[in-house]
Structures are given as C-alpha cells and as structure tokens.
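Worksheet: one structure, shown below.
The values are calculated or read from the model by the stated rules, or taken from the named source; none is laboratory data. In this text the structure is predicted, and so the values were computed from the model without any measurement. Glycine gets a Cβ as well: all are built from the backbone with ideal geometry, and neighbour counts include every protein chain shown. When the accessible area is computed, the model is the full protein with side chains, heavy atoms only, and any ligands, DNA or RNA have been set aside. Shrake-Rupley method; radii C 1.70, N 1.55, O 1.52, S 1.80 Å.
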Amino acid sequence: MIYLDNAASSHPKPPEVIRAVERQLRRNGANPGRSGHRLSAEGARVIYDARRILADGFGTDSELVIFTSNTTDAINRALKGVLNAGDHVVISDLEHNSVLRPLKAMEPLGVTFSVAQTKSNDEEALHSFQEAIRPNTRLIFCTHASNVTGRILPIRQIADLCRERGILFGVDGAQTAGLEDIDLKRDGIDLLCIPGHKSLLGPQGTGALLLGSPLELTTMTQGGTGTESLSEYQPSLLPDAHESGTMNTPGIAGLAAGTRFAMEHRDAIRSHEAELRAMFCEELKSVSGFRLVTVGESFVPTLSLIPESVHSEAVTQYLDRCGICTRGGYHCSALAHRTLKTEECGTVRISFGYRNTEEDVEECIKYLKKYLNNSGRA
Amino acid sequence: MRKRCIAVRSVTYAQKAVEVLQKYDIHGTVQRNSVRSADGCGWCVAVPFTQSETAYGLLLRNGVKVTGEFYDLS
C-alpha cells in the first residue's frame, strides 16, 4: 500500500510515537493534575512536557499552549474566543471549512467577514488582504498553506499588515506545523491553530491553539479544571480556562514524541518531501488528462490534479484499488474549490509524507497513466 | 527536611515553577495543596524552607502565577 494522503493525517507514525502512547496507556491511566497522588502528578508532568516542547517549537510560553482535539477545535476556540458582535474578519479564498463554517454560524450573532482573493502571487494576495480591511476589522485569519493546492501564503507579510493596523492575526497551521519554521513571537502571530496528527506526526485526537501573548478569549466549554473547585466560575487563567475536563494524556504523550521527532528532522523531512513533489510534477508532464494546479509561489508537499472529463473521486477510487491512498472530491474546502473553479469535478489531492519514496511517485504516475488508458482517455 | 509549599494557580504553573527553580539549583516538587486554599483546591511547589524566600522571588520574576498563600511541611 502506498499512502499519499498525509495532508489528511500522517501515516505511518514514527515508532517513538506509538511507544509513547502505549507506555502512557500501560503505565498510567490516572487523571492528570486532579488528584494529589503520584500518578496524577506524573500525568500532569507528561502534559507539561508536551506543552514545553510545543512552546519551544513554536516560539511561545508554555502556559500559552492550549491543547485541543484537532485544528478544527483550535480554530473554533480562536474565532469564538476572540470575536464579538460587530466585529469583522478577513479570511482568504483558500480557507478550510473549519474557518468558513464557524464564521457563517456567527453571522446571525453580528460577526461579518470578507474573503481576500489570493490570486496568482503573494504581492497580489497581500494587496487583497489590505483592501478587505474595514474600520471594524478585529482579526485577519488565514491558512498558512492550502490543504487543497499546497500553496503557502505570505503570513509574515500579513502579520506585518496586522501589526500596522492594530488587528489580531490568526493562522491555520494545519498543513505547515512541523514542516515550516513558525515562531509566534518572531512572526507576529497572535493565534496559531495546529493539529497533532499531520506533520507533527502525533496521534489523531490531538491539536493545540497557541497564543503569541496572553489573550483574553471567551471560553467555549466550562467545567472542572483541577483547581479552585469551590468557585462556581470558570478560572480565567491560561491555559486552564480552555482545558476543562480530562485531557487526552496518551494522545498528548504521543504528540510530544511526534513533535520532538518532527522538529529534530524538520529540515530533512521538508527537503525530502519537496523533492518528491518536484519529481511528481516533472513526471506528470508525460501524463495527459490531468492538469496540475500551479497557482502560487511556494508550496508544501501537497498538490492537486484536475482531471479532464471525469470526477476526481472516480480516479481516487481506481488508485485505491491499485493500492494507492489519495483523496478526491472537495477536501472540506468549499472556498478553495470555488476559487479553483473545480466545483464540478473536485481534484485528486496527493500529499507526501516523510516515509514516501521516489518509487511511490513512479507507481502513482504509472497508475494514473493506466487509468487514462483503461478509460480511453489517454 | 522542613519544606515550604508555595501555592500556585494551576498545575501548569506548578510544573513551570519546578522548571524555573531547577535553573537556579533549587529543588521543587509538585504537590497538591494539603490545606484549603481560597477557592478550595489547588497546587503548590514544595521547596526547602531555607530557600523558600529566594524561590518565591524567582517565581515572581519568571512569570509563575502564585496565589500568595504558603504553608509549611515538616
């Protein structure tokens, strides 16, 4: 089996990650940071170590790392935590539904948003963001890299724009956390939403919302936090205010191990995956019947193919039968497919991971050619 | 050894306290408060009594959110 769907979730995981999860499950099922016994304290230490690893990896402080169940959870907490009635947000035309849908849900509550066009290059994209700002713009929130096309957006320049205008800046780091060098303080990012289970190589069910500085965010859930138990009110202290209930300790242990691995090998992994992407793009030139989406200046190792005269899901189903895992359709991104004008057929998305090889690229190309031959479209 | 427990506002800050103090060669351990605190329960960092004043100052200077409550353990 060849797995080329790392943009959805990375696979396989490093053995260290599996060992960390298994060890936590086997050795310590206590609720971390609740009881006073050593197992609870030890569990809390595992959680704190993970906070520290993420804080160091992304240039912030440990108490500004809020664990979530995934990027969508983090984005919801960010948007609903920051925005109030009368606020305006600017997003890009490549956003995932995890950004679009919460904002649509907040429209009846008086939150408005505008969509900046990313166009063909970073300068035009930046200009579009600038033009979209209004007097009541509170936040610019955008993806660091599109989960459909892999295009990387100029977040440092957007952050500069936000700083000039006194606007908060939030980033969806789903496709770049663990792959690109992101430093909240250096890059001027106020809110960074990341998954544990993609390029950080951790288990599913993990993620984080990282803050560049202590921000007052409205809490989405309230409940037990292990402190101030006689108070009827949710503590306001970060990160406890946003971490009610029992934490996913085995998941977070795995996330820590994955992050350590990803950060240690980040440059090598990025280089390897970029080479595979480049190789695929080159080999694709010998395949007619698919058009590569090339809009943008720089990319993560994800790419989309637009099939001619067939739905993308038909292609990915064929590839699956040949033992190749890819994703067709619309990738939970209505905006991106509207921008690409691929609402009719979707795209075949191929996303490389650290364990993919040149042979995987060659096999995928071979079967794309076979698909076209078999269907008489070559 | 006599210890002083410096109450902090969360287990995260208790862990951070241990980390901060370690840099200054002060040994701290994370503990559950064994007395009632203002809002019921919480965490503290237990340090050697003779180093507790120094420890408290270090925690304040390094952004560890303390509650201002202390109690002693023998």
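Of these, A:His337, A:His331, which one is under 18 Å from A:Thr294 (Cβ atoms) and assigned to a helix (DSSP H, G or I)? Let's see the steps before the verdict.
Values: A:His331 fails: assigned to a helix (DSSP H, G or I).
When all the criteria are applied, what remains is A:His337.
Among the residues of region A:218-260 satisfying the criterion of being of a type in the set (A, V, I, L, M) and in a loop (DSSP other than H, G, I, E, B), which is farthest from A:Glu22 (Cα to Cα)? Explain how you work it out, then say what you get.
Filtering region A:218-260 for residues of a type in the set (A, V, I, L, M) gives A:220, A:230, A:237-238, A:241, A:247, A:252-253, A:255-257.
Filter once more, so that each one left must be in a loop (DSSP other than H, G, I, E, B): A:220, A:230, A:237-238, A:247.
Working: A:Met220: 31, A:Leu230: 35, A:Leu237: 31, A:Leu238: 29, A:Met247: 16 Å.
Here the residue is A:Leu230.
Check A:His88, A:His11 and return the single one that is farther than 30 Å from A:Leu276 by Cβ and away from chain B (no Cβ under 12 Å).
Numbers: A:His11 fails: farther than 30 Å from A:Leu276 by Cβ.
Unique residue meeting the criteria: A:His88.
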Whichever residue in region A:32-46 is outside any helix (DSSP H, G or I) and under 31 Å from the mean Cα position of the chain (by Cα) and, among such residues, is nearest to the other protein chains (Cβ to nearest Cβ): A:Gly33
Test: residue in region A:60-82 that is closer than 19 Å to B:Ser10 by Cα and of a type in the set (D, E, K, R): yes
Out of B:Gln31, B:Gln15, sole residue that is among the polar types (S, T, N, Q), at the interface with chain A (Cβ under 9 Å from one of its Cβ atoms), assigned to a helix (DSSP H, G or I) and under 11 Å from the mean Cα position of the chain (by Cα): B:Gln15
Qualifying positions in region A:276-313 - part of a helix (DSSP H, G or I) and either touching a residue at least 24 places away in the same chain (Cβ under 8 Å) or open to solvent by less than 70 Å² (accessible area, probe 1.4 Å) (or both): A:Leu276, A:Arg277, A:Ala278, A:Met279, A:Phe280, A:Cys281, A:Glu283, A:Leu284, A:Ser312, A:Glu313
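Quick one: in region B:1-12, which of the residues that are part of a strand (DSSP E or B) and not hydrophobic (A, V, I, L, M, F, W, C) is farthest from the other protein chains (Cβ to nearest Cβ)?
Taking region B:1-12 first, the residues part of a strand (DSSP E or B) are B:3-8.
Still in the running and not hydrophobic (A, V, I, L, M, F, W, C): B:3-4.
Numbers: B:Lys3: 15, B:Arg4: 17 Å.
Filtering first and then ranking leaves B:Arg4.
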Tally of residues being without any contact (Cβ under 8 Å) to a residue 40 or more places away in the chain, touching a helix residue (DSSP H, G or I) at 6+ places or on another chain (Cβ under 7 Å) and among the small types (Gly, Ala, Ser) across region A:64-122: 3
Failed criterion for A:Gly57 (all others in (1) under 24 Å from A:Thr246 (Cα atoms); (2) crowded, with 20+ Cβ neighbours inside 10 Å hold): (1)
Residues of region B:32-72 that turn out to be closer than 28 Å to A:Leu230 by Cα, open to solvent by 60 Å² or more (accessible area, probe 1.4 Å), without any contact (Cβ under 8 Å) to a residue 24 or more places away in the chain and among the charged types (D, E, K, R), as a count: 2
Complete set of residues in region A:224-249 that are modelled with pLDDT of 90 or more, crowded, with 20+ Cβ neighbours inside 10 Å and small (Gly, Ala, Ser): A:Ala241
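Do the conditions hold for A:Phe67, that is, is it among the aromatic types (Phe, Trp, Tyr) and within 14 Å of chain B (Cβ to nearest Cβ)? Explain how you work it out, then say what you get.
Details: among the aromatic types (Phe, Trp, Tyr): yes; within 14 Å of chain B (Cβ to nearest Cβ): yes.
The answer is yes for A:Phe67.
Kindly establish whether A:Asn373 is over 25 Å from A:Lys198 (Cα atoms), more than 18 Å from the chain's Cα centre (by Cα) and either open to solvent by 30 Å² or more (accessible area, probe 1.4 Å) or not charged (D, E, K, R) (or both).
Values: over 25 Å from A:Lys198 (Cα atoms): yes; more than 18 Å from the chain's Cα centre (by Cα): yes; either open to solvent by 30 Å² or more (accessible area, probe 1.4 Å) or not charged (D, E, K, R) (or both): yes.
Judged against the criteria, A:Asn373 is a match.
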